[in-house]
Structure formats: C-alpha cells, structure tokens
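Read the structure below first, then the notes.
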Amino acid sequence: MIAAPEPRTYVLKPRPPVRAFVIAAALTLVGALLVSIAQSADASLLWVVLASIILIAGLALAGMAAWSMVTMRTFIDLASDGYRIHGPGVDKSGGWEDVTKVTTSAQGSHLTLYHGEVGRTHVICPGGGEDPEMVALVEAVAKHLDANRGYGETINVPLIDPHQPPNPDVVQHQQ
C-alpha cells in the first residue's frame, strides 16, 4: 500500500490580460497627451475634463486588469481524506471515496472528477495543460486516489500475445 502524499494547495492562475493592458496603456498615453495639450493651449475646461476622463479610464483599466490577475485564482486543496476547490464563484469539496473516475482533456487543461453517474467536478486551468501547477495537480490526484484505494506498486508482468509463439520463459497454465 502506498502512503498518501502530503496535503498541499495548488493555485491555478489566469493568463495575464494582455489586451486590457495594451488598451489601458493607449488610453493613459492619449489621456496624458490630451491633458497636457489642453492645459498648455488654454483650451476650455470641457476639453481638460474630457482629457482627464480618458486618462483616468486608462489608469482604472490597468488597475482592474492587475486586480483580476490576483482575484481570479483558483485554489485546490488536496488532503488524504479529500479535496476542496475554491475560488471566484466556486467552493466545492468531496472525499476520495466518492470519486468514481477521473479524466483529463487531450490538452491536459481540463480535469474532471466523477461522482457516480451524474456528479461532476471540473477543474479548468487557464494556463493550459502544460502549466507546471496543473501537471503537478493531476499527478497528485492520481496519487491520492491510489492511496485511498490501497493500490500498491505495480509489478512488471509479461503480457502473453496469443499470436506470437510461446516464450519458454513464461509459464502458462493449462486447464
């Protein structure tokens, strides 16, 4: 029987919102340029206010994009008795004894824990299947399930192919 891995928390982080940062930089630069032009050209107060609004909008968008990178993280706590997934809009937990099947997508970015015929718990990694945290999470889930079910180390047993001539080193039982 293999020992259960140590409890650990895995953190899946969102990809940086590059488009939002580019738009925020453009708005901030245009707003700052318009504010300086409006103030130096003795433009009306309306133009200064509009330019200031563009500048503030760019700064606000940059702040929201940075804030989203911090708040949109998903935490997966794995322990010997079960798991807990919590993050924005989700707080699910369950025991390893309730998990009947585990699958991953072909890309490895989507992990599904099955609970009987109907129940599903989905973990989607925004960083993709190559994200080291997702790879470590999938390996840890497999180890926790093995430990929960009492599976031991596998042994190498030669497979017998009925289409190959018998190997004299492999013992076959006749009935």
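The values are calculated or read from the model by the stated rules, or taken from the named source; none is laboratory data. These figures come from a predicted structure and were not determined experimentally. We place every Cβ from the backbone using ideal geometry, glycine too, and count neighbours over all the protein chains shown. Note: areas computed on protein heavy atoms with side chains; ligands, DNA, RNA excluded. Shrake-Rupley method; radii C 1.70, N 1.55, O 1.52, S 1.80 Å.
A count restricted to the stretch 109-140 and to residues that are at pLDDT 90 or above and polar (S, T, N, Q) stands at 2.
If we scan the stretch 1-9, do we find a residue that is open to solvent by less than 80 Å² (accessible area, probe 1.4 Å), touching a strand residue (DSSP E or B) at 6+ places or on another chain (Cβ under 9 Å) and modelled with pLDDT of 90 or more? Show your work before the answer.
Filtering the stretch 1-9 for residues open to solvent by less than 80 Å² (accessible area, probe 1.4 Å) gives 2, 4-5, 9.
Cutting the leftovers down to touching a strand residue (DSSP E or B) at 6+ places or on another chain (Cβ under 9 Å) gives us 5, 9.
Still in the list and also modelled with pLDDT of 90 or more: 9.
Within the stretch 1-9 (the criterion being open to solvent by less than 80 Å² (accessible area, probe 1.4 Å), touching a strand residue (DSSP E or B) at 6+ places or on another chain (Cβ under 9 Å) and modelled with pLDDT of 90 or more), the answer is yes, since at least one residue qualifies.
Comparison of I56, I85, I76 shows that the only residue that is surrounded by 13 or more Cβ atoms within 10 Å (Cβ to Cβ) and farther than 18 Å from K13 by Cβ is I56. Filtering the stretch 32-84 to residues that are in a helix (DSSP H, G or I), under 27 Å from H110 (Cα atoms) and not aliphatic (A, V, I, L, M) leaves W67, S68, T71. Just one residue in the set D91, D77 is closer than 21 Å to A140 by Cβ, acidic (D, E) and out of contact with any Ser or Thr (no Cβ under 6 Å at 6 or more places or on another chain); that residue is D91. Scanning the stretch 11-27 for residues that are at pLDDT below 95 and surrounded by 13 or more Cβ atoms within 10 Å (Cβ to Cβ) yields L12, K13, P14, P17.
Report yes if S68 is within 19 Å of P5 (Cβ to Cβ), under 20 Å from the mean Cα position of the chain (by Cα) and polar (S, T, N, Q), otherwise no. Criteria not met by S68.
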